[in-house]
Amino acid sequence: MCNQYANKAGPQAIMKAAKAARNAAGNLEPGNIFPDYAAPIVRMEGDERILTTARWGLPSPARALEGKRTDAGVTNVRNTSSRHWLRWLAPQFRCLVPFTSFSEPGRDAEGKYEPVWFDLVGRDPETPAFFAGIYVPQWTSVRKLKEGEITTDLFAFLTTDPSEPVKSVHRRAMPVILTEPDELEMWMCAEWGVAKALQRPLPNGALTIV
């Protein structure tokens, strides 16, 4: 689910919304974002919140890699009680993932795959929204055979039960979306015992199909 999203917000808009102090990402090309490609995130560097980039897809669990030569990564994290994910749920591994819309897999009248795109109702077009992200720094793996072994920063975001209108398109899950400034602060600063309350669906009708 949600293996494509878009970010059309520029660096200054992202930094303002996320209260980031520094831009380490440079200029950002607006457009669609796909798994295993670099995308903007806001994370902590020491005591400073910075805008930077990371590659979409966290390290896969060992059991999922048995017999495989590559690890393209896990784009969405649901089971936060798993030991594999628990090690990266502390505040130092959390990030904000800016987006302006996201898609879920739908079908057209002929039954062919067609993504359905969603946005927050009433969102200021100049201001991004944020997924609740997880950031893993400097992970060494083989993402693609032609690349060989690389060391790079990785990210993904949490998912939860879907609400409408996402539920009518994709009944299994939707991204965890942070909509209020205090939710951004909780996600970036609070211990997991508190922050895990944010892994919940939005109210029905908070999103619209675009």
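The values are calculated or read from the model by the stated rules, or taken from the named source; none is laboratory data. Nothing here was measured: the structure is a model prediction, and the numbers come from that model. Neighbour counts are summed over all protein chains in view; Cβ atoms, including those assigned to glycine, are modelled from backbone coordinates with ideal geometry.
Count, please, the residues in the stretch 1-13 that happen to be part of a strand (DSSP E or B) and in contact with a Lys or Arg (Cβ under 8 Å, 6 or more places away or on another chain).
So the answer is 0.
Each row is one residue, and each column tells you yes or no for (1) assigned to a helix (DSSP H, G or I); (2) touching a helix residue (DSSP H, G or I) at 6+ places or on another chain (Cβ under 9 Å).
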residue: 15; (1), (2): yes, no
residue: 26; (1), (2): no, yes
residue: 36; (1), (2): no, no
residue: 39; (1), (2): no, no
residue: 52; (1), (2): no, no
residue: 64; (1), (2): yes, no
residue: 67; (1), (2): no, no
residue: 81; (1), (2): no, no
residue: 92; (1), (2): yes, no
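Specify the residue that is nearest to residue 14 (Cα to Cα); the eligible residues are those in the stretch 176-203 that are β-branched (Val, Ile, Thr) and surrounded by fewer than 20 Cβ atoms within 10 Å (Cβ to Cβ).
Result: 179.
Identify, please: which residue in the stretch 140-151 is of a type in the set (A, V, I, L, M, F, W, C) and assigned to a strand (DSSP E or B) and is, among those, surrounded by the most Cβ atoms within 10 Å (Cβ to Cβ)? Full working, then the answer.
Narrowing the stretch 140-151 to residues of a type in the set (A, V, I, L, M, F, W, C): 142, 145, 150.
Checking which are assigned to a strand (DSSP E or B) leaves us with 142, 150.
Details: 142: 15, 150: 12.
If we take residues in the stretch 140-151 being of a type in the set (A, V, I, L, M, F, W, C) and assigned to a strand (DSSP E or B), then 142 is surrounded by the most Cβ atoms within 10 Å (Cβ to Cβ).
Return a yes/no flag: does the stretch 119-139 have any residue that is farther than 19 Å from residue 40 by Cβ, surrounded by 12 or more Cβ atoms within 10 Å (Cβ to Cβ) and among the charged types (D, E, K, R).
No; the residues of the stretch 119-139 include none that is farther than 19 Å from residue 40 by Cβ, surrounded by 12 or more Cβ atoms within 10 Å (Cβ to Cβ) and among the charged types (D, E, K, R).
Could you please find all residues in the stretch 175-210 being within 25 Å of residue 19 (Cα to Cα), of a type in the set (A, V, I, L, M, F, W, C) and touching an Asp or Glu at 6+ places or on another chain (Cβ under 8 Å)?
Matches in the stretch 175-210: 198, 207.
Can you confirm whether residue 58 is closer than 19 Å to residue 151 by Cβ and modelled with pLDDT of 95 or more?
When the stated conditions are applied, residue 58 passes them.
Pairs, please: C-beta under 6 Å, at least 6 apart or cross-chain, first residue over 18 Å from residue 11 (Cα atoms) and in the stretch 32-57, second acidic (Asp, Glu) and modelled with pLDDT of 95 or more?
Partner pairs satisfying both residue conditions: 57/36.
So which of 184, 154, 178, 158 ends up being over 20 Å from residue 50 (Cα atoms) and in contact (Cβ under 8 Å) with a residue 40 or more places away in the chain?
Going through 184, 154, 178, 158 in turn, just one is over 20 Å from residue 50 (Cα atoms) and in contact (Cβ under 8 Å) with a residue 40 or more places away in the chain: 158.
Might you let me know whether the stretch 169-192 holds any residue that is assigned to a helix (DSSP H, G or I), farther than 18 Å from residue 97 by Cβ and modelled with pLDDT under 95?
yes
Please go through the stretch 35-48 and pick out each residue that is more than 24 Å from residue 185 (Cα to Cα) and loosely packed, with under 12 Cβ neighbours inside 10 Å.
Correct list: 37 only.
How many residues are in contact with a Cys (Cβ under 7 Å, 6 or more places away or on another chain) and modelled with pLDDT under 95 if we restrict to the stretch 92-128?
Residues meeting the conditions: 1.
Given the structure, is residue 72 part of a loop (DSSP other than H, G, I, E, B), hydrophobic (A, V, I, L, M, F, W, C) and surrounded by 19 or more Cβ atoms within 10 Å (Cβ to Cβ)?
No, not satisfied.
Among the residues that make up the stretch 93-115, is at least one of them closer than 30 Å to residue 165 by Cβ, in contact (Cβ under 8 Å) with a residue 40 or more places away in the chain, out of contact with any Lys or Arg (no Cβ under 9 Å at 6 or more places or on another chain) and hydroxyl-bearing (Ser, Thr, Tyr)?
Within the stretch 93-115, one or more residues are closer than 30 Å to residue 165 by Cβ, in contact (Cβ under 8 Å) with a residue 40 or more places away in the chain, out of contact with any Lys or Arg (no Cβ under 9 Å at 6 or more places or on another chain) and hydroxyl-bearing (Ser, Thr, Tyr).
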